[in-house]
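The block underneath contains the structure these notes are about, expressed in structure tokens.
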Amino acid sequence: MGRDAKANFILLILVLAAGAAACYGPATAAEKTFRLSWAPAWDEQHGLTQAGIQSNEKIKELSGGKIAFEFFPGGQLGNEREVFESVQLGTIDLAFMSSPVVSGFSDVLDGFDMPYLCDNDMELYQEIVNSGIGDIMFEKLRKETGVIGLSYLINPGRDFYLNTVFNTLADAKGVKLRSMESPLHIATYKALGFNPTPMAYGEIYQAMKNGTIDGFEDVSVSVRAQKNYEVAKQVVISGHMTAAPVFIMSRRAWGQLDERERAWMREAGIAAQEATKVTYMEQTPLTIEFMKKYGLRIGRIEMSEAKKLVQPVIREFCDKSENIMTIINYFNDYRAKHGK
């Protein structure tokens, strides 16, 4: 390779590297850089991507550019369980984490993911988790797992994506449905009539394609980002659960911050929370329209019947867990007190 060609090749590599870095917004001149992981692919119309962008902008603004985040979306650092373990160990600094994953380590967040907790009202959920119960459970999370909770992110309810005909809940019988490895999720889908099949998030596409499963459930914006709609024939709008995502930080990374910086980090957490709510409120109806145009049939679950079927699950889990009962009672009391 000649000198000019070699120089041009090196320049091209540098330009491509800079472009790749800009895509996920890593820190450049920050004194403290923290790695942030989340499971869905990078998509600027996705709530978690916006949570990453907005929280990073907030922490850079508050710190004068001295603190910043480096993004690792799409499961680059491992699946969610592996990431949570890495946050515990301190080898990953920050993560947006689904509460069903945390249930494998502690049940302190399980109550936030109970079926039809807020009837898919994202603003009501945000209001309640910020009214005191969220802080109480994050303190328990710290004591039980060593992980620091920064904020509760806002998710819309999850929908069913199926390859089978679904007109009523009677059609759920025998349908092999991909589920998170969460006892609550598995019990809920059994109560609705499905045959839940625990499986890693990244395996959905191929499992649908080869018939290992007949369907899956997820936030529709995530389905669009992952392109999993390509292997489904029908969307059943349900809003049954949210997987209650949270923004967490390792104790090791938290220990690198002074009190003022910790306050900034919590403000960044609130920026992430607001970003998820605003993005999902805008994008969820647009995503359903996208699915319709793509050719998927759009159906709706019979919510009143579904809520009736999952009541025994809610009672069972409240009886087994004081943490779950505390959250459920708090939500019910709050809604009754404020007429919501």
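A few remarks follow.
- Residues of the range 20-77 that turn out to be among the aromatic types (Phe, Trp, Tyr), over 16 Å from the mean Cα position of the chain (by Cα) and at pLDDT below 95, as a count: 1
- Among (1) of a type in the set (S, T, N, Q); (2) in contact with a Phe, Trp or Tyr (Cβ under 8 Å, 6 or more places away or on another chain); (3) in a loop (DSSP other than H, G, I, E, B), the one test that Gln45 misses: (2)
- The listed residues are Glu302, Glu267, Glu259, and the only one of them that is under 24 Å from Glu123 (Cα atoms) and in the same structural domain as Thr91 (by TED's automatic domain parsing) turns out to be Glu267.
- Considering Ile314, Ile301, the condition of being in contact (Cβ under 8 Å) with a residue 40 or more places away in the chain, surrounded by 14 or more Cβ atoms within 10 Å (Cβ to Cβ) and out of contact with any His (no Cβ under 9 Å at 6 or more places or on another chain) is satisfied by Ile314 alone.
- The set of residues in the range 111-145 that are surrounded by fewer than 22 Cβ atoms within 10 Å (Cβ to Cβ) and acidic (Asp, Glu) comprises Asp119, Asp121, Glu123, Glu127, Asp135, Glu139, Glu144.
- Taking each residue of the range 201-217 that is closer than 23 Å to Met241 by Cα and assigned by TED's automatic domain parsing to the domain that holds Leu177 and looking for partners that are crowded, with 19+ Cβ neighbours inside 10 Å and among the basic types (Lys, Arg) with beta-carbon atoms closer than 6 Å, six or more apart or interchain, yields Ile204/Arg178; Ile213/Lys176; Ile213/Arg178; Asp214/Lys176; Phe216/Arg178; Glu217/Arg158.
- Residue satisfying all of: in the range 97-135; touching a helix residue (DSSP H, G or I) at 6+ places or on another chain (Cβ under 7 Å) and hydroxyl-bearing (Ser, Thr, Tyr); modelled with the lowest pLDDT among these: Ser103
- Any chance Ala306 is modelled with pLDDT of 95 or more, small (Gly, Ala, Ser) and under 25 Å from Ile237 (Cβ atoms): yes
The values are calculated or read from the model by the stated rules, or taken from the named source; none is laboratory data. Since the model is a prediction, treat every value here as computed from it, not as a measurement. Note: ideal-geometry Cβ built from the backbone for every residue, glycine included; neighbour counts use all protein chains shown.
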